[in-house]
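Please read through the structure below; I'll follow up with questions.
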Amino acid sequence: MNFARQQKQIETAEALAPEASPIDAAETEAPKGGLRGRYAWLGTIASLAILAGSLFVLWKLVETVTWAEMHAAFTGASAEQLGFAFLFVGLSYLFLTCYDALALRQLKLKVPYRTTALASFTSYAVSFTLGFPLLTAGTIRYWIYSSKGLGAAKIAALTVIAGFTFWLGMGVVLGLSLIVEAGQLAALTFTSIALNQGVGFGALLAVVAYLLWVSLKRRHVRVKSWRLELPGASVSLSQMVVGIGDVCAAAATLYVLLPAGTSIGFTTFVAIYVLAAMLGIASNAPGGIGVFEATILLALSSLPRDQVLGSLLLFRVCYYLVPFVIALAMLTVYEIVKRTRDARA
């Protein structure tokens, strides 16, 4: 799911950004203290509260499920389901490489796509599984991109732009699905149709407002002592399309693994998936683990609980574990080839 990939995007940029940025000649004073620093601990407490509450709900939901039922559900997926699941995993990670490609285009940097794909895929695959994207994804990106001449500030800027791509896609998918499937979602999530439609229109309005905002003139975002020019309308629209493709492909991976005979439509399921993903991001847990599962289980309470839990575990294997192993192998080969070339040079 690609839903934890953007955890702490701004923190990653702050960690990589130097005191003076080559991206913009204008230097600004770094913010000192203030309300943001004074009350920053509130966000940590909120994240821990979400995680603790979700783990408690998850435990209550699965305490009646036996290991035999879990094993049967986990191993009951057909070859066709697994084939489609891995197809959508591949599509999702392909869209992820476009995150970095669009960011490099905005920064007017020329990097071979094979390098972009390697850095993007491995950084996301490792950070999804291990968590701590500040350390894992940031380190891998710097390791690969620095060999192509990119400095820390430009890699940090790339990370920020990739974050905008993710949220543009999430906003559009959430808005459309909440509006189109407001009635069915109200029954599944114990909300009202008016509330769902209101949130949906609000999400779409936020995306449209952002597109208009960056279309009128050049806009900048400040991170510590440097500022980054945001993409204009054309690049932002491309970001939106890529983000939509990524979110839908990730949601489709889990959707095809759900028990046979599931009556919930894909448009409805995408809204549930996005809501679960956003709660997982808010919890700051690696991959939203626990929070994501609890939300899906609650929303799909009409389906056999053991089968849904088996689908969720299989989703973790397909979307997280397998790409993680592949990423480690790719990084190993990359390092061997790099050292061999350096030795010959």
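The values are calculated or read from the model by the stated rules, or taken from the named source; none is laboratory data. What you are looking at is a predicted structure, and each value in this text was computed from that prediction instead of being measured. Heads up, the Cβs are rebuilt from the backbone with ideal geometry, glycines too, and the neighbour counts pull from every protein chain shown.
Would you mind finding the one in L309, L321, L254 that is surrounded by fewer than 20 Cβ atoms within 10 Å (Cβ to Cβ) and part of a helix (DSSP H, G or I)?
When all the criteria are applied, what remains is L321.
Against the definition (farther than 19 Å from Y99 by Cα and among the polar types (S, T, N, Q)), how does Q184 come out, yes or no?
Answer is yes for this residue.
A further question on this structure: Is it the case that I264 is part of a loop (DSSP other than H, G, I, E, B), surrounded by fewer than 19 Cβ atoms within 10 Å (Cβ to Cβ) and modelled with pLDDT of 85 or more?
The answer is yes for I264.
Among the residues of the stretch 177-194 satisfying the criterion of being under 19 Å from I244 (Cα atoms) and in contact (Cβ under 8 Å) with a residue 60 or more places away in the chain, which is surrounded by the fewest Cβ atoms within 10 Å (Cβ to Cβ)?
Among those residues, the one meeting the criterion is V180.
Sticking with this structure for a sec: Identify all residues within the stretch 208-243 that are under 22 Å from T97 (Cα atoms) and out of contact with any Phe, Trp or Tyr (no Cβ under 8 Å at 6 or more places or on another chain); write none if there are none.
Residues satisfying the conditions are L228, E229, G232, A233, S234, V235, L237, S238, M240, V241.
Inspect the stretch 215-224 for any residue being within 23 Å of the chain's Cα centre (by Cα) and assigned to a helix (DSSP H, G or I) and give the result as yes or no.
No, the stretch 215-224 contains no residue that is within 23 Å of the chain's Cα centre (by Cα) and assigned to a helix (DSSP H, G or I).
Out of the residues in the stretch 287-306 that are at positive phi and part of a helix (DSSP H, G or I), which is modelled with the lowest pLDDT?
G287
Restrict the check to the stretch 237-245 and report whether at least one residue is surrounded by fewer than 18 Cβ atoms within 10 Å (Cβ to Cβ) and not in a helix (DSSP H, G or I).
No, there is no match, as no residue in the stretch 237-245 is surrounded by fewer than 18 Cβ atoms within 10 Å (Cβ to Cβ) and not in a helix (DSSP H, G or I).
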